[in-house]
Structures are given as structure tokens and as C-alpha cells.
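The next block holds one structure in the form of C-alpha cells; read it before the comments.
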Amino acid sequence: MKGEHSIRGLCELLGVSPSGYYKWRHAQPSARQREDAALAVKIATVHRQSRGNYGSPRVVAELREQGTKTSRRRCARLMSDQDLRGRKRHSRKPRTTDSRHHKPVAENRLAKCPAPTKANQIWITDITYLQTNEGWLFLAAILDAWSRRVVGWACAPTLHASLVLATLHRAIRNRCPEPGLLHHSDRGSQYVDADYLKVLAVTGIERSMSRAGNCYDNAAMESFWSTLKTETGLEEGQLLSRRETELAVFDYIETFYNPARRHSSLGYLSPVAFEKQQTLNNIKVA
């Protein structure tokens, strides 16, 4: 259009002055705009490194640890400008608990316990399911309630007790807990299996179980399942083979969730970083 019409004529048509047009055309970005551009690059990098999972609160926490201070509002605005957002959870509740058995269950001791103050005081555990193109894949995991770290997990195509037993063996091997640790689960038949109870007894681990039909007694596990399914994308209908799904779980837990994912209840530290920080603080106190 500029080649067909004069600048002055176009300015008159649009109701602006030629001097104002030339000033706008040659204007340099303000200091604030330059800062926003540089910050936007850092935000995009953090968001990419989080596998597209982080919203503005966790992005801000990561930036601050790197030495870049910014507000959550500014971060949210720059993320919106780049069409970046955290993953949203979907309300799906797996039903993997069969409590229709006549084996003795434990009382809910977790509800009466004070919050844990160190590792291996309270473990919580549960089973969920993942859809694959070969049928269901069941996943069992044990979290340390203090640091929310996954201390043991296992996958299997069936809900047999061997699944939770493999998970328990891995957790014991990884953490070597002292007697007195409290193990909390639902009332599923897998958690009252004779072999499972034997391992608990031999290692001095005490039992606790949720009330019948009350998923809120194990809310931290429900939250973890929701986080895992949302942030791996396994809940969004991308059907992989069982082996590929298990590898995706391994990658998420071992290379992202435990060592890197920032947890709001841990002051936006990852489970591994939280445990290291608390260990250092205890050494300084001693």
C-alpha cells in the first residue's frame, strides 16, 4: 500500500500525523520490553525442561533458584503471550480396590499419627491402572509421606498380590527402613495377602489401612496418580504398548518426578532436593 499511496496521504486517512508515524516506526523497545523479551526466553526454557507440565508458580520457583527474580503475575502474562500453560488434571478415579474379603484388616493409624518429620516414618501405597493398546497395565507405588518421594514401584498386567509384593521389596531395598515404620494402604485384597503380611512382619513395618470406601484417607496417593497421568500424557488417550507405557512411567518417576519436579507442599523443591536440604539442615544443627 505504501508504494501505491504517499505516507502523508495514508496518515491523513488514518487520522495520525506523519511525524507521529515516523517516531513510532523508528522507536526502540523500552527497557521494560527488552527485559520482558529476555525473561520470556527463560520462561520458555523452563517450561520446556518441565516437559510442558509447569504453570507459573513452579516456573517462578525454578527461575528464582536460577537467580532470576520475577512475580507470578508477570510470569503468567509472559506465558500467556507465548501460549504456554501447565497441564490440567482430569477427574478420573481408578477403581482397583477389592475389599470384599474376610481377611483381617488394620485400623486407620495414619489418621492419628502426627505429620512425619523425617524419612521412613510413614509410607503410603496404592494401585492404579493405565490403559494401553494391549489392555490394562496396573501400577503400584509406595511414597514416603515426608518427602513425597516414590521409594518403590512396579507394573504388571494383572492385579495379583505379586505386583504389590514386588513394589514393597523394591522400597525396602532402596530405603532400608528401621522397625516401626508405618505402612498405610487401602483394604484391597493384595495388602492382606499372606506373603505381603509376612514381609511387613519380618521387617518390623507396622500396618495401617483406610476406612472402607474412603479414598480421602489416602489422598496423597490419589494426588500422585492424578499428577502422573496428567503430566505423562498417559491419560489423554495415547495408547502405547504395555512395555512402552512402563518405560514412560520409569522415565517420569526416575528422571523427572523424584529428582526434578517441584512440589508445592515441599516449598517448591523436588522430593530428592527436599531430602538433601533437610539432611544438610540436620547436620548443621548437630
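Could you grab me the full set of residues in the stretch 256-286 that are among the polar types (S, T, N, Q) and part of a helix (DSSP H, G or I)? Walk me through it before giving the result.
Start the filter on the stretch 256-286 by keeping residues that are among the polar types (S, T, N, Q), which leaves 258, 264-265, 270, 277-279, 281-282.
The answer is Ser264, Ser265, Gln277, Gln278, Thr279, Asn281, Asn282.
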Problem set entry | Flag for Glu35 being surrounded by 13 or more Cβ atoms within 10 Å (Cβ to Cβ), at pLDDT 85 or above, part of a helix (DSSP H, G or I) and of a type in the set (Asp, Glu) | no
Problem set entry | Residue count for the stretch 174-191, restricted to those that are in a loop (DSSP other than H, G, I, E, B), of a type outside the set (D, E, K, R) and farther than 10 Å from Arg207 by Cα | 4
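I'd like to check something: does the stretch 133-151 contain any residue that is surrounded by fewer than 19 Cβ atoms within 10 Å (Cβ to Cβ), more than 17 Å from the chain's Cα centre (by Cα), at negative phi and free of Cβ contacts under 8 Å to residues at least 40 places away in the same chain?
Checked against the condition, which is being surrounded by fewer than 19 Cβ atoms within 10 Å (Cβ to Cβ), more than 17 Å from the chain's Cα centre (by Cα), at negative phi and free of Cβ contacts under 8 Å to residues at least 40 places away in the same chain, the stretch 133-151 yields at least one hit.
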Seminar exercise, completed: Pairing a residue in the stretch 58-83 that is surrounded by 15 or more Cβ atoms within 10 Å (Cβ to Cβ) with any residue that is of a type in the set (Val, Ile, Thr) and not in a helix (DSSP H, G or I), where Cβ atoms lie under 8 Å and the two sit 6 or more apart in sequence or on different chains, gives Val60/Thr70; Leu63/Thr70
For this session: Take the stretch 132-181 and flag every residue that is in contact with a strand residue (DSSP E or B) (Cβ under 8 Å, 6 or more places away or on another chain) and among the polar types (S, T, N, Q).
Result: Thr158, Ser162, Thr167, Asn174
For this session: Take Ala161 and decide whether it is in contact with a helix residue (DSSP H, G or I) (Cβ under 6 Å, 6 or more places away or on another chain) and at pLDDT 95 or above.
Result: no
Exercise. Counting only residues that are of a type in the set (A, V, I, L, M, F, W, C) and in contact with a Ser or Thr (Cβ under 8 Å, 6 or more places away or on another chain), how many does the stretch 26-66 have?
Worked result: 4
For this session: Within the stretch 199-217, work out how many residues are modelled with pLDDT under 95 and either in a helix (DSSP H, G or I) or surrounded by fewer than 16 Cβ atoms within 10 Å (Cβ to Cβ) (or both).
Result: 7
Exercise. Residue check: is Arg73 modelled with pLDDT of 85 or more, more than 20 Å from the chain's Cα centre (by Cα) and basic (Lys, Arg)?
Worked result: yes
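Which residue is farthest from the chain's Cα centre (by Cα), if the candidates are limited to the stretch 218-236 and must be among the acidic types (Asp, Glu) and surrounded by fewer than 21 Cβ atoms within 10 Å (Cβ to Cβ)?
Checking each candidate, the answer is Glu236.
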Seminar exercise, completed: Given (1) more than 30 Å from Leu39 (Cα to Cα); (2) in contact with a Lys or Arg (Cβ under 7 Å, 6 or more places away or on another chain); (3) modelled with pLDDT under 90, Arg95 misses just (2)
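The values are calculated or read from the model by the stated rules, or taken from the named source; none is laboratory data. If you're wondering where the values come from, they're calculated on a predicted model, not measured in any experiment. No Cβ is skipped: glycine too gets one built from the backbone with ideal geometry, and neighbour counts run over all protein chains shown.
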